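The values are calculated or read from the model by the stated rules, or taken from the named source; none is laboratory data. Everything quoted here is computed from the prediction, not taken from an experiment. Glycine gets a Cβ as well: all are built from the backbone with ideal geometry, and neighbour counts include every protein chain shown. In case anyone asks, the SASA skips ligands and DNA or RNA and just uses the protein heavy atoms, side chains included. Shrake-Rupley method; radii C 1.70, N 1.55, O 1.52, S 1.80 Å.
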Amino acid sequence: MENEYTSMKECAAEAGRVARGVDAGRLPEPSGCGDRDVRALVNHWVLCTPARPGAPGPAHEAPRRATARDFAADTGWADAYAVQLERAVAAWADPRVWEGEIDLGFATTPAPEIAGLLIAELALHGWDVARATGQKFQVSDDTAASCSESSRRTPRSTAGTTALPMWSRCRMARPCSTARSS
């Protein structure tokens, strides 16, 4: 848990830095992730990564409303996102949070799996957004290794259905090891 938490803190801090570096003029540009533009990628990133155990976030809104919401339309989206990430990391600081399961509203999942998914999403899409906006997403070697391990352990499906269908749509072979060198 300690290594994962350290990686979570580092990825969240870097994601916040990258978000604050996104120029609004780049939002309509291609993201390099299929047919999504940077705006769509940012909206997915904001929707999927502020996971705080036991606290609703954007992903807990009515599903259609949450996925249709244009977070990037708000001029202060990057600062608000960074604050959400800080709150998420603070919530995960309590070792008891890593025990048991977390209710996602559509499924109950072991807390360590949610933490791993959060780390992987922060790194994967943080790198994607950084690359698409001319920035770098840089993490330590230890965090890079942890992210790569998290991405291998992250469940891709639950009970035969894709739990997080957006996960595989934007491929990055080795999220963190690629991210730290690019």
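Structure above, values below:
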{"item": "In segment 86-106, the residues that are open to solvent by 50 Å² or more (accessible area, probe 1.4 Å), small (Gly, Ala, Ser) and part of a helix (DSSP H, G or I)", "result": "ALA90"}
{"item": "Within segment 118-139, tally of residues that are part of a helix (DSSP H, G or I), within 19 Å of ALA88 (Cβ to Cβ) and out of contact with any Leu (no Cβ under 7 Å at 6 or more places or on another chain)", "result": "9"}
{"item": "Residue count, segment 3-23 (criterion: closer than 10 Å to VAL89 by Cβ and either touching a Cys at 6+ places or on another chain (Cβ under 6 Å) or among the aliphatic types (A, V, I, L, M) (or both))", "result": "3"}
{"item": "Filter result for ALA51 (modelled with pLDDT of 75 or more, in contact with a strand residue (DSSP E or B) (Cβ under 9 Å, 6 or more places away or on another chain) and either of a type in the set (A, V, I, L, M) or within 17 Å of LEU117 (Cα to Cα) (or both))", "result": "no"}
{"item": "Meets criteria (at pLDDT 85 or above and among the charged types (D, E, K, R)) for ASP103", "result": "no"}
